[in-house]
Amino acid sequence: MPELPEVETIKRTLEARIKGLSVVSAEIFLPKLIRMPGVEEFKALLTGRKFLSLERRGKYLLLRLSHGLVMVIHLRMTGRLVYLPASADMAPHTHLIINLDDGCQMRYSDIRRFGTVSLVPASELDKLSGLRSLGKEPFDREFTRGYLLKQLHSHRVILKTLLLDQSFIAGLGNIYADEVLFRARIHPQQRSNMLTQRQSARLFHAIREVLTEGIENRGTTLRDYVDGEGMAGNYQNLLKVHNRENQPCSVCSTNIVRLRISGRSTYFCPYCQRM
DNA sequence: AAGCGGTCCTGTGTGC
DNA sequence: TGCACACAGGACCGCT
């Protein structure tokens, strides 16, 4: 499940490969993948354009092209975006191939077909509702301890649910939300408006530290994730609670517990993260 | 009006 | 051994 560290790693690895390359042609095998515009228009618009730079916003990848166009990709659960020689074996579930002018390809594959790709003028990025409603970036200067505390106290939602809300904060998913709460020593079912200033400060630092470590370790590969060069991440070896039900806590040896919170598995240490 | 549950999807793991 | 089915979850939509 690509979250902020995974998308950031894809951004960095892919940018090193495709920056400055132009699109020779595009092949689409799953029409519904292309959210905007239509499939034929997508191909026509894309052909001949040059990749200028890549950006990440939350879990969205933004590929800036010549003529003011932006390709916006969301990988959702199992999407992969990989740069490969045209001769490389075709992965199953490859839905989009972009032929590049160095003879290589950028391929999008997605087992569960949840991902989306759009191609819009930069001036129309606001038409993409998910992107438009994203909350602050965790590494933005405007994301401060004071801001977080104010936001927490303006909601009274269960904290885990709030951390997964992309309009609250951009980029956290199920894995990193669990790790952040463990680092901050806060129970995932704590109500956001009940957090103390001290807890909020711990949460603030935990968000930045966990995401930084995730990026430094090139993301988490539990199953499907690979970067723009097809390489798995390493952070799965450093997870403290996520996916570790009934294993001893690394701090206190209490067994990690799994709960269901708003339909998502949530892992935490009942001793370190008591209410 | 915030918050919950259903939906989209397919591969994997479990139980009989 | 083979089958059936629950489960995994990010974002979005509709309902309350």
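The values are calculated or read from the model by the stated rules, or taken from the named source; none is laboratory data. Note that this is a predicted model, so its numbers are computed, not measured. Here Cβ is always computed from backbone atoms with ideal geometry, including for glycine, and neighbour counts include all displayed protein chains. Surface accessibility is based on the protein's heavy atoms, side chains included, excluding ligands, DNA and RNA. Shrake-Rupley method; radii C 1.70, N 1.55, O 1.52, S 1.80 Å.
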Inset, instruction - Averaged over every viewing direction, what's the projected area of the C-alpha convex hull for segment A:171-275? Give it in nm², one decimal, please. - result: 6.9 nm²
Legend entry - Gaussian network model of chain A, springs between alpha carbon atoms under 10 Å - residue of A:165, A:126, A:89 with greatest fluctuation: A:89
Legend entry - Efficiency of FRET from Cβ geometry, residue A:189 and residue A:254, R₀ 25 Å, rounded to 0.05: 0.90
Legend entry - For segment A:161-232, diffusion coefficient by Stokes-Einstein and Kirkwood Rh (Cα), 25 °C, 0.890 mPa s, µm²/s: 186 µm²/s
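What order do A:11, A:150 take when sorted by accessible area (1.4 Å probe), most exposed first? Don't skip to the answer; put the middle values down first.
Details: A:11 40, A:150 150 Å².
If we order A:11, A:150 from most to least accessible, we get A:150, A:11.
Put A:123, A:129 in order of accessible area, largest first, 1.4 Å probe: what do you get? Don't skip to the end; give the middle numbers.
Values: A:123 105, A:129 70 Å².
Largest accessible area first, the residues go A:123, A:129.
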Inset, instruction - Report, to the nearest 10°, how far helix A:174-184 tilts away from the longest principal axis of the Cα atoms in chain A, using its own Cα long axis and a range of 0 to 90°. - result: 40 degrees
Inset, instruction - Just subtract the alpha-carbon distance of residue A:271 and residue A:16 from 0.36 nm times their residue separation and send over the number in nm, one decimal. - result: 87.4 nm
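Return the carbon/sulfur percentage of the accessible area of chain A, one whole number, probe 1.4 Å, all protein chains in place.
With neighbouring chains kept in place, the figure for chain A is 47 percent.
Could you work out how much longer the chain between residue A:77 and residue A:144 gets when fully extended? Use 0.36 nm per residue separation minus the Cα distance between them, nm to one decimal. Intermediate results must be reported in sequence, preceding the final value.
Numbers: separation 67, 0.36 × 67 = 24.12 nm, distance 2.93 nm.
Full extension from residue A:77 to residue A:144 adds 21.2 nm.
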Inset, instruction - Work out the charge dipole of segment A:57-158 with +1 on the Cβ of Lys and Arg and -1 on the Cβ of Asp and Glu about the Cα centre, then indicate which of A:158, A:121, A:99 is farthest towards its positive end. - result: A:158
Legend entry - Phi-based couplings in Hz for segment A:142-148 (Karplus 6.51, -1.76, 1.60; Gly and Pro marked x): 6, 7, 10, 4, x, 4, 4
Inset, instruction - Starting from 0 in steps of 5 Å, tell me what percent of the Cα-Cα pairs of segment A:95-175 lands in each bin. - result: 3, 11, 15, 16, 17, 14, 11, 7, 4, 2, 1
Inset, instruction - Hey, for a label at residue A:167 modelled as a point 7 Å past Cα toward Cβ, could you say which residues of segment A:132-147 have their backbone N under 17 Å away? - result: A:132-137
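When Lys and Arg each count +1 and Asp and Glu each count -1, what net charge do the other residues less than 15 Å away from residue A:244, Cβ to Cβ, add up to? Working shown, then result.
Working: positive: A:183, A:240, A:258; negative: A:178, A:179, A:245.
It works out to a net charge of 0.
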Legend entry - Point-to-point label distance, residue A:237-residue A:102, nm (Cα→Cβ direction, 7 Å offset): 2.8 nm
Inset, instruction - Could you work out the local net charge near residue A:33, counting Lys and Arg as +1, Asp and Glu as -1, over the other residues with Cβ closer than 15 Å to its Cβ? - result: +4
Legend entry - Rounded to whole Hz, the Karplus (6.51, -1.76, 1.60) HN-Hα couplings of segment A:243-257, x for glycine and proline: 6, 10, 4, 6, 9, x, 4, 5, 9, 10, 6, 5, 5, 5, 10
Inset, instruction - Could you please put A:116, A:196 in sequence from largest to smallest accessible area, using a 1.4 Å probe? - result: A:196, A:116
Legend entry - chain A: calculated mean residue ellipticity at 222 nm from DSSP helix runs of at least 4, using -39500 (n - 2.57): -8000 deg cm²/dmol
Legend entry - Debye, to nearest 20: dipole size of chain A, +1 on Lys, Arg Cβ, -1 on Asp, Glu Cβ: 1100 debye
Legend entry - Helix A:4-18 axis, angle to chain A major axis (alpha carbon atoms, nearest 10°): 20 degrees
Inset, instruction - Using only alpha carbons, build the gyration tensor for chain A and give me the equivalent ellipsoid semi-axes, biggest first, whole Å. - result: 36, 20, 15
Legend entry - For residue A:127, solvent-accessible area (1.4 Å; no DNA, RNA or ligand), Å²: 120 Å²
Inset, instruction - Would you mind computing, in nm to one decimal, how far apart the modelled labels at residue A:123 and residue A:198 are, each placed 7 Å from Cα along Cα→Cβ? - result: 5.4 nm
Inset, instruction - Name the residues whose placed amide hydrogens come within less than 5 Å of the amide hydrogen of residue A:171, ignoring near sequence neighbours (fewer than 5 apart) on the same chain. - result: A:59
Inset, instruction - Treating the angle as unsigned and between 0 and 90°, give the value, to the nearest 10°, between the Cα long axis of helix A:197-216 and the longest Cα principal axis of chain A. - result: 40 degrees
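Using only the Cα atoms, work out Rg/Rh for segment A:46-162, with Rh taken as the Kirkwood radius, to two decimals. It would help to have the intermediate numbers written out before the result.
On the way: Rg = 17.6 Å, Rh = 16.6 Å.
That ratio equals 1.06.
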